[in-house]
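The values are calculated or read from the model by the stated rules, or taken from the named source; none is laboratory data. The structure presented is a predicted model; accordingly, all values stated were derived computationally and were not measured. Every residue, glycine among them, receives a Cβ derived from its backbone with ideal geometry; neighbour counts consider all protein chains shown.
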Amino acid sequence: MTSTRIQHTIPALVVLAIAVVVAWLSFTQEPVEAFLFPRIISVFFVGLALWNAYRALAGLARVGGGISSTVALNVLPGLVVALVFVFLAATKLGFYVSGALTFLTIYTIYDPVPLSSLNGWVRRIVTTLVFMGVMYALFALLLQVQTPRGMFF
């Protein structure tokens, strides 16, 4: 197995494992009504992950040359913030508060504007508020999905 094929296979299998866990969790949680949307999405997620894993294992995934260590190190801070959001903040603080803090943190990490710039902070905060407004409209109003409740809401 070549290094390029390994670089396609390992992530594909990790994504498949995550998809299976998410689907299993969505089908084993109560109340059923609150998990209808996650169940629908998780079924599609597993299907796409299976297709992706098959393509990687069969050697059909030939796009790109993999991720360099430099790119992986650049992505790592955002990944750590996202994992903290998923596993800790969402249930402790609530979906919308922790989502806003996570979005603002990731935006701040990757924004090239200096931290001392007032205009940069205004843009980050306004963008975060607009993003969270869209998330609220999508999940609470349009899809009527029950989001994790926490300390705030």
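Brief remarks on what is shown
- Residue in region 10-37 that is surrounded by the most Cβ atoms within 10 Å (Cβ to Cβ), counting only those that are within 18 Å of Thr147 (Cα to Cα) and aliphatic (A, V, I, L, M): Ala23
- Residues in region 5-40 that are charged (D, E, K, R), over 17 Å from the mean Cα position of the chain (by Cα) and assigned to a helix (DSSP H, G or I): Arg5, Glu33.
- Considering region 56-153, the qualifying helices (runs of 4 or more DSSP H), each wholly inside and each with 3 or more residues that are surrounded by fewer than 11 Cβ atoms within 10 Å (Cβ to Cβ), out of contact with any Phe, Trp or Tyr (no Cβ under 8 Å at 6 or more places or on another chain) and at pLDDT 85 or above, run over 69-84, 118-136.
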